[in-house]
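Quick notes on the structure that follows.
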Amino acid sequence: MTQRRPQGTAVLAAVMIGATAVATAACTANEKPARDRNPKQQGENGQEGSRDGNRDHPVSAPSAAGGAHGAPRPFTLVASGDVLPHSSIISRANADAGGDGYDFEPMLKGAKPVVSKADLAICHMETVYGENGDYTGYPSFKSPPQIADALKATGYDSCSTASNHTLDDGAAGVYRTLRALDKAGVKHAGSGRTAEEGRSPAWLRAGGAKVAQLAYTYDTNDNPLPEGKPWTVNLMERERIIEDARAARKAGADVVVVSVHWGTEWQDEPDDRQLSLGKELTESRTRDRPDIDLVLGTHAHVPQAYEKVNKTWVIYGMGDQIAGDMINDEDANDPRGNQGTIGRFTFDPPAAPGGRWEVKKAEFIPTWFDTGTGRVTNLNTALARGADVADIRDRIRRVVLSRGAGKDGLKMGK
């Protein structure tokens, strides 16, 4: 069995006064750490100055219709859970590449029809990237950078990169990761190579709207922030998030999306900190307009509820999109660790200048990562093909709707 280590609290205590502790931070898979240890640009060795792939300049004040060029129109945004390449996942990608390199595209093929059809698609890249064959799984992850190309090919436009594993390889790991995402054409939020990048959102466009994605993590597994570079990863703190959201709105954002790596691992229900912070973020307003339009949660490794809080949708946890066979807090294999959801939201333009882009349709798509085949599975599509996955789909549906989201219009999509 893989040994788990207690969740780090040193960094969290410095930025979250009174925050409740969450259970564990190991992101454990059913594999031994010993196996994980076997396999020219500025910023590579921990220096500043790599290209910022998130720039969307010039960004001016919000337009009268809430958008940029042409008449605004509805757009769809999808978001999915943790991409967590344990060493078994790395081995699968190597096999899918025919033993030469790493190909993650086949793993994500089952999600591509949903992701690629959306106007905007957001993932959560939980791990940092290694280089030159130095790739590891649990407990300190360094993933092959080829996964960035697979995310782009699947249809993802941006990824949150703030997690408890962001500092697994210090600042150098962050630089390699962001450089690979930039090269693949995937924007990112939550970590940075410079102070400006660390504080800036990922700027996206859809339906004539300027969309800002911000991202934060509850902790870094006791890995200290690089000396003199507190902006390397964004830590979760209410005042900071609201301040950043307001700054993004002032810089031209019509829609502000906040990705948060939070919660208690292996707990289906959102914990007290998730509930309280979700309420605080969604009730924050400037001139009667919400500062945040959507909250996307990751980290728990199991699907958690969706809920409309203060007229704003909150996903407490989307579960894992890609992960190896998972071991829970009781050192038992837990199939919930390979279950997830994709959230899909359709935003309507504001009825009046300066108004809010409203979510007119909210959906969730239940997913499952089949570790036997190494593939993401859309459970509704698989069920339609006769696969015996109804029990998994229905369990996910019960959890997602457990806080009354059905009464607010949330539907299960395909």
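Every number in this text was worked out from the coordinates using simple rules, so none of it is lab data. These numbers come from a predicted model, not from an experiment. Methodologically, a virtual Cβ is constructed for each residue, glycine included, from the backbone with ideal geometry; neighbour enumeration extends over all protein chains shown.
Positive contributions from Lys and Arg (+1) and negative ones from Asp and Glu (-1), summed over other residues with Cβ under 14 Å from the Cβ of Gly155, come out at +2.
Coupling constants for the range 156-168 follow from the phi torsions by the Karplus curve (6.51 cos²θ - 1.76 cosθ + 1.60, θ = phi - 60°), and in residue order they are 6, 9, 7, 9, 6, 10, 9, 8, 5, 9, 4, 9, 4 Hz; glycine and proline get x. Computed from the Kirkwood radius of its Cα pairs, the Stokes-Einstein diffusion coefficient for the range 250-294 at 20 °C and 1.002 mPa s stands at 177 µm²/s. Computed from the alpha carbon positions, the gyration tensor of the range 72-198 leads to an equivalent ellipsoid with semi-axes of 23, 19, 11 Å, biggest first.
Projected over all directions and averaged, the alpha-carbon convex hull of the range 304-414 occupies 8.5 nm². The convex hull of the Cα atoms of the range 253-333, projected and averaged over all directions, covers 5.9 nm².
When a/c reaches 1.5 or more, the comparison of a/b and b/c decides; with that in mind, is the range 216-294 rounded, prolate or oblate per its Cα gyration tensor? Note, shape of the range 216-294 comes out oblate. Just so you know, the averaged projected area of the alpha carbon convex hull for the range 223-368 sits at 10.4 nm².
Close amide-amide hydrogen proximity is noted between Ile342 and Ile365, Thr367, each under 5 Å apart and 5 or more residues distant or on a separate chain (H modeled in the peptide plane; Pro and chain starts excluded). Distance between the 7 Å Cα→Cβ label points at Arg240 and Glu131: 2.7 nm. The alpha-carbon of Lys117 sits under 27 angstrom from the alpha-carbons of these lysines, leaving out residues fewer than 8 places away in its chain: Lys109, Lys152, Lys183, Lys187, Lys210, Lys308, Lys311, Lys360, Lys361, Lys407, Lys411, Lys414. A simple count of charges around Gln304, restricted to other residues whose Cβ falls under 15 Å of its Cβ and scoring Lys, Arg +1 and Asp, Glu -1, yields -2.
If you take all other residues with their beta carbon under 11 Å from the beta carbon of Leu275, and give Lys and Arg +1 and Asp and Glu -1, the sum is -2.
Computed from backbone phi with θ = phi - 60° and the Karplus coefficients 6.51, -1.76 and 1.60, the 3J(HN,Hα) list for the range 122-132 is 10, 10, 10, 8, 6, 10, 9, 9, x, 7, 6 Hz; x is used for glycine and proline.
Here the 3J(HN,Hα) profile of the range 398-412, calculated from phi with Karplus coefficients 6.51, -1.76 and 1.60 at θ = phi - 60°, is 4, 5, 4, 8, 5, 10, x, 5, x, 5, 9, x, 5, 10, 8 Hz, Gly and Pro shown as x. By the gyration tensor of its Cα atoms, with a ≥ b ≥ c the square roots of the eigenvalues, what is the shape of the range 131-241: rounded for a/c under 1.5, prolate for a/b over b/c, or oblate? Verdict is oblate for the range 131-241. Taking the Cα centre of the range 298-364 as reference, the dipole from Cβ charges on Lys and Arg (+1) and Asp and Glu (-1) amounts to some 680 debye. Given their separation in residues at 0.36 nm each and the Cα-Cα distance between them, Ala352 and Ala195 gain 52.9 nm when the chain is fully extended. The calculated FRET efficiency for the pair Glu280 and Asp394, based on their C-beta separation and a Förster distance of 41 Å, comes to about 0.80.
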